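Enquirer: Could you have a look at this structure, given as structure tokens, before my questions?
Bear in mind these aren't lab numbers, they're just calculated from the coordinates by the rules spelled out. The shown structure was predicted, so the numbers you read here are calculated from the model rather than taken from an experiment. Counting neighbours? That spans all protein chains shown, and the Cβs are built from the backbone with ideal geometry, glycine included.
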Amino acid sequence: MARANVITAYRWCGVILAATILTHGCASRPSDDDPEAIAAYDELNDRLEPTNRVIFDVNDSIDESVVEPAARGYRTVVPDLGRQGIGNFLQNLRSPVNLANDILQGKGERAHDTLIRFLVNSTFGVGGLIDVASAEGMEGHDEDFGQTLAVWGVGEGPYFVIPLLGPSNARDATGLVVDTFFDPLTFVAPFVVSLSRRVVDGVDQREEVLEALEEIKGTSIDYYATIRSLYRQRRENEIRDGEPPPFPDISFDDEFEEEFVDELEKDVAPEEVDDIDVEESGDKDSVSSLD
Amino acid sequence: MRIYRLNVLLVALGFVALCLFPTHGRAMAETEPAAAFIRSLGDRALDILRISGSKKVERREKFRSLVSTGFDLETIGKFVLGRYWQTATPEQRDEYLVLFPEFIVDTYAARFDSYAGETFEVVQVVPIDARDSIVNTNIFGADGTPFRVDYRVRRSDNEFKIVDVLVEGVSLLVTHRSEIASVVNREGMNGLLAKLREQTGTP
């Protein structure tokens, strides 16, 4: 009976989603004679922006009225140590999904770490409540099928905001569904247990970012755009397992400066040119030659 | 069975050792002046927190001046505006170059202000081109958990300035650029200036 209710709920979500997309539509692609605008449009990768913004706003008000207060309550009621234990426990539950994805990405060392962590924390760590392995220098990490797809060379696909769950994209949303099949709990635990686990997981994660999110909201001039950028960069960082991203070329195509630097270059001897801020001119060649 | 017991012993011993000798604080050799720059900036920030601990207004003012001298605000401002710099009128550019630094100073002064009870260490410096290098640092929260903050530091005329801050790999420069692009796209350059005026409390 409960399952039928869930299916009905899903169906309604689908109808609402479809209606939102139909009424708010997609961002229109800029005309072909403006290559810079097209480049910017592609960079943002947000074809469904008008729809996304609506869903984002709904999510945000749900967050304000339900999730954030719940996270604050959780912080007030459960002491530090207890929250850490719950966080560790939930992290430990993710081990099968991590392991499956470590293996699918061909990362032997990480797979080994995940397995040992799971064994050590489930036994010495009292069912995962204490992260003994981290204390031993074996830090945890998160892998998911979205990251696996990325490692396999699948692009992110258009960005979109999932109702209730928040920022995602075609690749990561697919990963989310696939990961539930890597999780033994999906097949063993009753639906209510799985659902509670997700809810507690959500509140736990929200609690961790209470201050950060509040600050971001307070200091940004476009909260939606900021969150979109943060999501994409964070995913990029996770896919790279923390390796630094390619650093953007901070230089300018300012005509005035270009002329100015050209003038300067004429005036100095060749060996001194290196000391001048050549990149300031926005000359891409001079930047790449420095690599 | 024997090996298993040995493992348990090792784990237990390691655990005890870890409690006795915390591992952080082990920084690599810092010969780079860029590291010294970040270190001195961080020390100044900690000094501000220590000295003017409770005087909120004074402390915020000190952080504001720390950010204005430590960050290359013009470079950041131009990069963040991106292609819209070209299409902006001279008046818009002028106003932007006043408002945006103000916005950044506000934002980062507030961020430094929230660093209470934290310590940091410079881990290493990685040069990325002739004048920019990345200074990797770890900031330790009150409970000792480190998080990674990297500063992209630019040298010009033997003076260092921060051009980007990366928190756990997320670039604030890239984030601001995406945010600004989104605002200009939707509301135009004047819309952006209005939002910046509002955010910085400029009439």
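Enquirer: Report the charge-dipole magnitude of the stretch A:49-136 in Debye, nearest 20, computed about the Cα centre from +1 at each Lys and Arg Cβ and -1 at each Asp and Glu Cβ. Intermediate results must be reported in sequence, preceding the final value.
Expert: On the way: 8 positive and 12 negative charges, 60 e Å.
Dipole magnitude for the stretch A:49-136 comes out near 280 debye.
Enquirer: Another one. Let me know the mean shielding of A:228-234 by other chains, meaning the per-residue number of their Cβ atoms within 10 Å of its Cβ.
Expert: 6
Enquirer: Here's something else I'd like to know. Can you tell me the FRET efficiency between B:Asp47 and A:Ser31 if r is taken as the Cβ-Cβ distance and R0 is 56 Å, rounded to the nearest 0.05?
Expert: Numbers: r = 55 Å, r/R0 = 0.98.
In this case the efficiency is close to 0.55.
Enquirer: Another question about this same structure. Could you calculate, for the stretch B:82-124, the ratio of the Cα radius of gyration to the Kirkwood radius, expressed as Rg to Rh?
Expert: Reported Rg/Rh (Cα atoms, Kirkwood Rh): 1.25.
Enquirer: Next up: So what's the net charge close to B:Arg152: Lys and Arg +1, Asp and Glu -1, counting the other residues with Cβ under 9 Å from its Cβ?
Expert: Details: positive: B:Arg154; negative: B:Asp132, B:Asp150, B:Asp164.
Net charge in that neighbourhood comes out at -2.
Enquirer: Give the Kirkwood hydrodynamic radius (Å, one decimal) of the stretch B:154-203, defined as one over the mean of 1/r across all pairs of different Cα atoms.
Expert: After inverting the mean inverse Cα-Cα distance, the result is 12.9 Å.
Enquirer: Using θ = phi - 60° and the Karplus form 6.51 cos²θ - 1.76 cosθ + 1.60, what ³J(HN,Hα) does each residue of the stretch A:188-193 get, whole Hz, x for Gly and Pro?
Expert: Here the 3J(HN,Hα) series is 9, 7, x, 3, 4, 5 Hz.
Enquirer: Also, quick follow-up: Show the residues, 5+ positions off or on another chain, whose built amide H is closer than 5 Å to the amide H of B:Phe71.
Expert: Those lying under 5 Å, H to H, from B:Phe71 are B:Ile162.
Enquirer: Using amide H atoms built 1.01 Å from N in the peptide plane, name the residues 5+ places from A:Phe160, or on other chains, whose amide H lies under 5 Å from its own.
Expert: Residues meeting the criterion, in which the H sits 1.01 Å from N, are A:Ser168, A:Asn169, A:Ala170.
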